[in-house]
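Reviewing the structure listed below.
The values are calculated or read from the model by the stated rules, or taken from the named source; none is laboratory data. This structure is a prediction, so every number in the text was calculated from the model and none was measured. Using ideal geometry, Cβ is built from the backbone for each residue, glycine included, and neighbour counts are taken over all protein chains shown.
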Amino acid sequence: MSAKYYSYRLDHDYGFAPNPFGAYCTLANCMPRLRINNNLQLGDWIFGIGSKVLKNEFHLIYAMQVNEKITFEEYWGDKRFQYKKPSNNGSLKKIHGDNIYYLKSGKSEWGQLQSLHSNADGSINQAHLKKDLSGKYILVSTNFFYFGENHFEIPDEFKGICGNNPRGYAGPSIDKIVGGDFLNWLDQNYRLGIHGDPINWSDYRQTKLFI
């Protein structure tokens, strides 16, 4: 069965969703509609597209092939992903770790680490918890391109991957020929892996002048 293609528009990019660091690009939070989609199978591709909010419409922020679909409980306990648990005293990569949900003792209630999706004081943000966990799966990729702040405009002949849904989500209706041709073009022009820092990390680089 040939790969299917999905895309959606990002209105922020902190290296949290997706989290492209280390050997794995993971989508563990946000986009529950995509992560719970039973039509999304291993081998399918997801394209993260820019938006009006980020002032980069029709630009590619990232592309990932879905190599694994695992549960939150599996993600939390898997030794491969321990480095993706956030640390608020660490680097920006550590601060934006996405491995944040765990079952409390008795396995009847979910906990949430202090993270980009918790409240400012570190307490559980119930709205984020409910939305994130409704996605059911974490999507894992070892075959990905992440451009972040070095996003680029998608060539006109491939803009069909962006879809025309005003809410920014395009499912497997993306033309397979267009999607496949775009991936071939991407592979010919860029290496796999990380090509830039997350777009919104510029928020942390802003300096204030005090008189």
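Residues checked against (1) acidic (D, E); (2) in contact with a Pro (Cβ under 6 Å, 6 or more places away or on another chain); (3) outside any loop (DSSP other than H, G, I, E, B); (4) modelled with pLDDT under 95:
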site: T26; (1), (2), (3), (4): no, no, yes, no
site: L42; (1), (2), (3), (4): no, no, no, no
site: W76; (1), (2), (3), (4): no, no, yes, no
site: R80; (1), (2), (3), (4): no, no, yes, no
site: Y83; (1), (2), (3), (4): no, no, yes, no
site: N88; (1), (2), (3), (4): no, no, no, yes
Query raised in the report: Picking from G148, G160, G193, which residue would you name as being crowded, with 19+ Cβ neighbours inside 10 Å and at positive phi?
Result: G148
Report summary line: Taking segment 55-76 and keeping only residues that are under 20 Å from Y190 (Cβ atoms) and hydrophobic (A, V, I, L, M, F, W, C), one is left with F58, L60, I61, A63, M64, V66
Query raised in the report: Out of all the residues in segment 1-24, which are part of a loop (DSSP other than H, G, I, E, B), of a type in the set (F, W, Y) and in contact with a strand residue (DSSP E or B) (Cβ under 9 Å, 6 or more places away or on another chain)?
Result: F21, Y24
Query raised in the report: Do we have any residue at all in segment 118-129 that's surrounded by fewer than 17 Cβ atoms within 10 Å (Cβ to Cβ) and touching a helix residue (DSSP H, G or I) at 6+ places or on another chain (Cβ under 8 Å)?
Result: no
Query raised in the report: Which of the residues belonging to segment 132-145 are on the phi < 0 side of the Ramachandran plot and either under 14 Å from the mean Cα position of the chain (by Cα) or not in a helix (DSSP H, G or I) (or both)?
Result: D132, S134, G135, Y137, I138, L139, V140, S141, T142, N143, F144, F145
Requested in this report: Determine which member of the set G97, G111 is more than 19 Å from G43 (Cα to Cα), outside any loop (DSSP other than H, G, I, E, B), among the small types (G, A, S) and in contact (Cβ under 8 Å) with a residue 12 or more places away in the chain.
Outcome: G111
